[in-house]
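The values are calculated or read from the model by the stated rules, or taken from the named source; none is laboratory data. These numbers were taken from a predicted model, which means no experiment stands behind them. When we count neighbours, we look across all protein chains shown, and the Cβ atoms used for this are built from the backbone with ideal geometry, even at glycine. Note: accessible area is taken over every heavy atom of the protein model, side chains too, but ligands, DNA and RNA are not part of it. Shrake-Rupley method; radii C 1.70, N 1.55, O 1.52, S 1.80 Å.
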Amino acid sequence: MNTSTLFEDNDEQIDHPNDISNLFPRLIKDPIHNYIPVCSTLSRFIDTKQFQRLRNIKQLGTTHYVWPGGSHTRFEHCLGVAFLARTMAIHLKKSQPELGLRIAI
């Protein structure tokens with residue numbers, strides 16, 4: 001999945017943070033989704049003490065003892081979920097305009 005699905009007029013994948021710096025004040029590098037654009041509202045939420053505590057919780061529990069590659073945290077998982085949820089909402093807005101979805105970037 002690439003970040004180009006976030007923008008209606010853009011058909012290219014984002015390869016560098018400067019490509020969308022005027023739309024999103026913050027980009028987070030992700031090993032799966034490349035750069036995840038983060039709006040200012042989401043950025044303030046991510047910066048809270050409660051959200052940052054997710055860095056200390058392993059998403060897969062103790063499975064990293066058996067599969068060393070399975071060591072991501074709830075923090076990383078939540079960032080990916082937020083990205084995919086925004087991607088899905090934008091897709092629904094484009095493909096089903098009769099729903100009248102309003103998406104805040």
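Points worth noting:
- With R₀ fixed at 30 Å, the C-beta to C-beta distance from D47 to E98 puts the FRET efficiency at about 0.25.
- Sorting the segments 57-63, 69-75, 82-88 by their residues' average number of neighbouring beta-carbon atoms within 10 angstrom, most packed first, yields 82-88, 69-75, 57-63.
- For the listed residue pairs K29/K49; K29/K93; K58/K93, the alpha carbons are over 31 angstrom apart in K58/K93.
- The smallest convex shape that holds all Cα atoms of segment 35-95, its convex hull, gives 105 Å³ per residue.
- Accessible area (Å², 1.4 Å probe, nearest 10) - V66: 100
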